[in-house]
Amino acid sequence: MTGQPKATILTADEVRRAMTRIAHEIVERNKGAENLALIGVHTRGIPLAARLAAKLEELEGVAIPTGMLDITLYRDDLSEISHQPVIRETHVPFDLARRRVILVDDVLYTGRTVRAALDALIDLGRPEGIQLAVLVDRGHRELPIRADYVGKNLPTAKSELVKVKLLETDGLDLVELWDLNGVGEQ
């Protein structure tokens, strides 16, 4: 990737506060944490889902089951990504029936990742409802999809990239805005 960081959008403390706020909003909207499940979308949605589950358990005293979802084979741009795409693990160790599932991802952009995640999730079962939590919503939707819970709304240009780094995957918590100088898009 060419380009350079343009700005720090969220520091580690701001990521922590955003996740805490999202957890409180989830509890409020769902009138508690009973029958909830969190499913993180590979890659960075998985640790974010684990963090939310821990915060929800701390707030409500209820263990929230979590899972991980690989959407690779559900993408509508699969042929453009690679001739041999990397398939990662989907692991949902609980029944989706009678649960409100919260899909968790790091960045919401065009909506195509969420559409693929919805298709993959429905193939696993029929939950009572599906909600969406994202750390950053950067706009530029191509599909009629919106997040129920957003850590940070960030208007961006298409020539910019939102880079999320998490302690579990990258060694630190940080969200940066990168200027790609017109080279490629996220």
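Taken together, the residues in the stretch 136-152 that are more than 12 Å from residue 105 (Cβ to Cβ) and not charged (D, E, K, R) amount to 4. The residues listed here are 147, 116; of these, the one that is open to solvent by less than 20 Å² (accessible area, probe 1.4 Å), closer than 24 Å to residue 88 by Cβ and outside any loop (DSSP other than H, G, I, E, B) is 116. For the stretch 38-63, the candidate set comprises residues that are buried (at least 22 other Cβ atoms within 10 Å of the Cβ) and farther than 20 Å from residue 171 by Cα; within that set, the residue that is farthest from the chain's Cα centre (by Cα) is 56. For the stretch 119-144, taking the residues that are open to solvent by less than 30 Å² (accessible area, probe 1.4 Å) and charged (D, E, K, R), the one that is nearest to residue 45 (Cα to Cα) is identified as 137.
The values are calculated or read from the model by the stated rules, or taken from the named source; none is laboratory data. Computed from a prediction, not measured in an experiment: that's the story for all the values here. Heads up, the Cβs are rebuilt from the backbone with ideal geometry, glycines too, and the neighbour counts pull from every protein chain shown. Just so you know, the surface numbers come from the protein's heavy atoms only, side chains and all, with ligands and any DNA or RNA stripped out. Shrake-Rupley method; radii C 1.70, N 1.55, O 1.52, S 1.80 Å.
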